[in-house]
Amino acid sequence: PVQFGTQHNASANITVQQMVFSGSYFVGLQTASIYRQMAEQSLEVTNLDVKEMVTDTYFLILISNENERILSANLKNLEKTSFEIKERYKEGFAAQTDVDLIQISVTTLKNGLQTAQKQTQIAYKLLKFQMGLDLEERIELSDTLDSIEETFDIQKSLNTEFSVEDSIDYSFLVTQEKLAEMALKNEKVKALPTVAAFFTYQQNAFRDSFNFFNFQKKWFPLQILGITVSIPIFTSGARKARVQQAALSLEKARTTRMQAFQGLKLEMEQAKTNLSSSYENYLNAKANMGLSEKVYDSTLIEYKEGMASSMELTQAYDKYLNSQSQYIQALSSLFKAKNQLDRMTNNYKSEKGQKE
């Protein structure tokens, strides 16, 4: 009964929007660069951890090889001594107890050597695993224990200058604190309005028949330029709670960074003390091993001449074996302390042979 307008209407439009102001957007731009810095620092920390881990295992293999060498030499000498005592027993110059005691020592030493060999095999597999190699692939160390010891300059290591600010571990915590600051800033700027501009261009057609593809007919243009403003008015207290939570996270990150500053200084002093103490223990253990070897050799000669009992010979040998064990432990502690200090000062050789 009543008709308004035309039977067919059509419109086509294109709208362009441009953000004018958004606090979270601008904070996000600042945070992106910090995240990139944090990713680079995280990679550097991981590289240092891997170098420390691989170096520890590398040293472990060298020490295991040295332990094997010492035990093999001991076993060879002990088997020779055992043969001589058995011959003396056949001639009536030694008791059955002497033969049994020396045989016990030989058997114990064989067991120790087998254990050391298995430990070396496991250490090789661990090194290949850490380096991403196949466990069945054959590798050979390019260094020897003597060559490594020659490169050790303990006094130079103890005099190494250390700045906490230059430590990658401390720098990583500083970056984490910056991220916490950005998180707090982001929560605060969420209370600010968001402003965006837009432009719309539109063409409209009104027809009584469907002939929109007849471009000779007139279309009516429409242009709109405007600004939208979004103002957060009511957030039911959630925004305030998020700001408080972000503030607590920032305080926690700041406290962690401050504690780490003092902790790294203390850790550096402890690392230097450990290296100095380990080096002194190593020198003492090495000297004791030489003295105990002389005592054992003298006791063996006295035993052959009938001036020492088999018990005295066994006791001298046990002390000699114990001194060798202490030497290996002291060597291991020395290498570990040196590696720990190198990790803190990033004193590792790069692929090009330069100090990093």
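The values are calculated or read from the model by the stated rules, or taken from the named source; none is laboratory data. Not measured: the values here are computed from a predicted model. Cβ sites come from the backbone with ideal geometry, for glycine too, and all protein chains shown count toward neighbours. To get the accessible areas, we keep the full protein, side chains included, count just its heavy atoms, and leave off ligands, DNA and RNA. Shrake-Rupley method; radii C 1.70, N 1.55, O 1.52, S 1.80 Å.
Tell me which aspartates and glutamates have Cα within less than 18 Å of Lys217's Cα, excluding those fewer than 8 residues away on the same chain? By straight Cα distance, Lys217 reaches Asp208. By accessible area, using a 1.4 Å probe on protein heavy atoms only, the chain has 55% of its surface on carbon and sulfur. Think of each Lys and Arg Cβ as +1 and each Asp and Glu Cβ as -1; about the Cα centre, that makes the dipole of the chain roughly 2580 debye.
Between Thr228 and Asp318, residue separation times 0.36 nm minus the direct Cα-Cα distance comes to 23.5 nm. Each of Asn281, Met311, Gln202 was scored by the projection of its Cα onto the charge dipole of the chain, and the greatest displacement toward the positive side belongs to Gln202; charges sit on the C-beta of Lys, Arg, Asp and Glu. What residue among Gly306, Gly23, Gly226 shows peak mean-square fluctuation when the chain is described by a Gaussian network model with Cα springs under 10 Å? Among Gly306, Gly23, Gly226, the largest GNM mean-square fluctuation belongs to Gly226. Relative contact order of region 58-109, taken over Cα pairs closer than 8 Å and 6 or more residues apart, is 38 percent.
Return the single residue from Ser209, Ser147, Ser22 with maximal mean-square fluctuation; model: Gaussian network over the chain, springs between Cα atoms under 10 Å. Of Ser209, Ser147, Ser22, the Gaussian network model singles out Ser209 as fluctuating most. Helix content alone sets the calculated 222 nm mean residue ellipticity of the chain: runs of n ≥ 4 DSSP H residues at -39500 (n - 2.57) each, divided across all residues, give -24500 deg cm²/dmol.
Relative contact order of region 37-192: 35 percent, from C-alpha pairs under 8 Å at least 6 residues apart in sequence.
Might you report the magnitude of the Cβ-based charge dipole of region 198-273 about its Cα centre, with Lys and Arg at +1 and Asp and Glu at -1, to the nearest 20 debye?
On the way: 11 positive and 4 negative charges, 14 e Å.
Result for region 198-273 is approximately 60 debye, rounded to the nearest 20.
For region 1-88, applying the loop criterion from DSSP together with a ceiling of 16 other beta carbons within 10 Å to the chymotrypsin sites (Phe, Trp or Tyr not before Pro) yields Phe4. Pairs from the list Lys110/Lys338; Lys125/Lys319; Lys188/Lys265; Lys76/Lys336; Lys190/Lys252 with a Cα-Cα gap above 25 Å: Lys110/Lys338; Lys125/Lys319; Lys188/Lys265; Lys76/Lys336.
Label sites at Asp297 and Lys188, each approximated as a point 7 angstrom past Cα along Cα to Cβ, lie 7.7 nm apart.
Of Leu127, Leu135, Leu158, the residue with the greatest mean-square motion in the GNM of the chain, using alpha carbon springs below 10 Å, is Leu135.
Using C-alpha pairs under 8 Å with a sequence gap of at least 6, the mean separation divided by the residue count of the chain gives a relative contact order of 28 percent. Projecting the Cα atoms of Ile34, Ala241, Met258 onto the dipole axis of the chain, where Lys and Arg carry +1 and Asp and Glu carry -1 at the beta carbon, places Ala241 farthest toward the positive end.
Computed about the Cα centre, the dipole magnitude for region 1-103 is approximately 440 debye when only Lys and Arg (+1) and Asp and Glu (-1) carry charge, each at its Cβ.
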